[in-house]
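In what follows, a structure is listed as structure tokens, so that the remarks can point back to it.
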Amino acid sequence: MRIFYFDSSALAKGDIKEKGSVIVERILENTAEQQWRVLMIGLLETISIFVRKKNNKVISQTIFQSALRTFKNDFLDNLKVFKVEATNDLILVSADQRLLTAAKAERLQVINPETATLAEIEQLLQADSPAQSHAE
Amino acid sequence: MEATLLDLSRRVEKLERKFDILQFDRGTFRDVPLESERPLTLAEQGRQMMERARRNAVRDSLHFRQVLEEMGITDDIPLLSRKELQQLYLDAGFDPEANDFAQGIIAMREE
């Protein structure tokens, strides 16, 4: 089973609308929650950016609350997202080029939602066997 | 409406989440070292680590929930679908091709 590890730079795109959101949304809506993984630090980073945007009045209180409510439901209440096993067929989803480069050097599959196409994601989601190519 | 395998899987996951939290509340996730006079085998050490990681995940998750509740993010707030949420964002006039949030997180890592 493919496991999608969401770096916070990709995670935030699931709850807002920005470049690459459609890719993250497609993955989240076409996979089971048991295929999602995040790190605690990733949750912190995501909450932090929403708090900053709210404090700087970039987003309204309504958007802030709604976004974090969804985020909480999807990830914080889902304890399985923290469990990564050595046998997982892990795919890193990140918009951080440094992480992507490091992951690729370790031969991990990566998806950069800011550059991946829907066709690549569809192909990845439909494939039965682990994909060999990068959607980046 | 016919439920798909994905729907059923998500329902089971939701039940499992609640079960994990209940277990934590009841103290089922205890940090009890294996009683043994001999050194633990690698498998036993691994099992301990996995149990500890699971317990820590529950504990940290509960702490996060508490922090969010203090910020007013409670289960009383209506849960929007991603599409509704993104529409809120668009209605507020945000550029869907910007990447302020992702880049903001990446920039934070340099601070």
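The values are calculated or read from the model by the stated rules, or taken from the named source; none is laboratory data. Predicted, not measured: the structure shown is a model, and the values here were computed from it. Note that each Cβ is placed from the backbone with ideal geometry, even for glycine, and that neighbours are counted across all protein chains shown.
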Original post:
Which of the following residues is more than 14 Å from the chain's Cα centre (by Cα), small (G, A, S) and modelled with pLDDT of 90 or more: A:A86, A:A95, A:A116, A:A102?
Top reply: A:A102
Original post:
From B:D100, B:D60, which residue is modelled with pLDDT of 85 or more and closer than 21 Å to A:D7 by Cα?
Top reply: B:D100
**OP:** Keeping to the range B:34-83, report how many residues are within 12 Å of another protein chain (Cβ to nearest Cβ), farther than 30 Å from A:T62 by Cβ and β-branched (V, I, T).
**Re:** 1
Original post:
With respect to A:Q61, is the statement that it is modelled with pLDDT of 90 or more and farther than 22 Å from B:D75 by Cα true?
Top reply: no
Subject >> Yes/no for B:R65 being in a helix (DSSP H, G or I), under 26 Å from A:S94 (Cβ atoms) and charged (D, E, K, R) >> reply: yes
Original post:
Does B:Q86 satisfy the condition of being surrounded by 13 or more Cβ atoms within 10 Å (Cβ to Cβ), more than 7 Å from chain A (Cβ to nearest Cβ), more than 19 Å from A:E45 (Cα to Cα) and not basic (K, R)?
Top reply: no
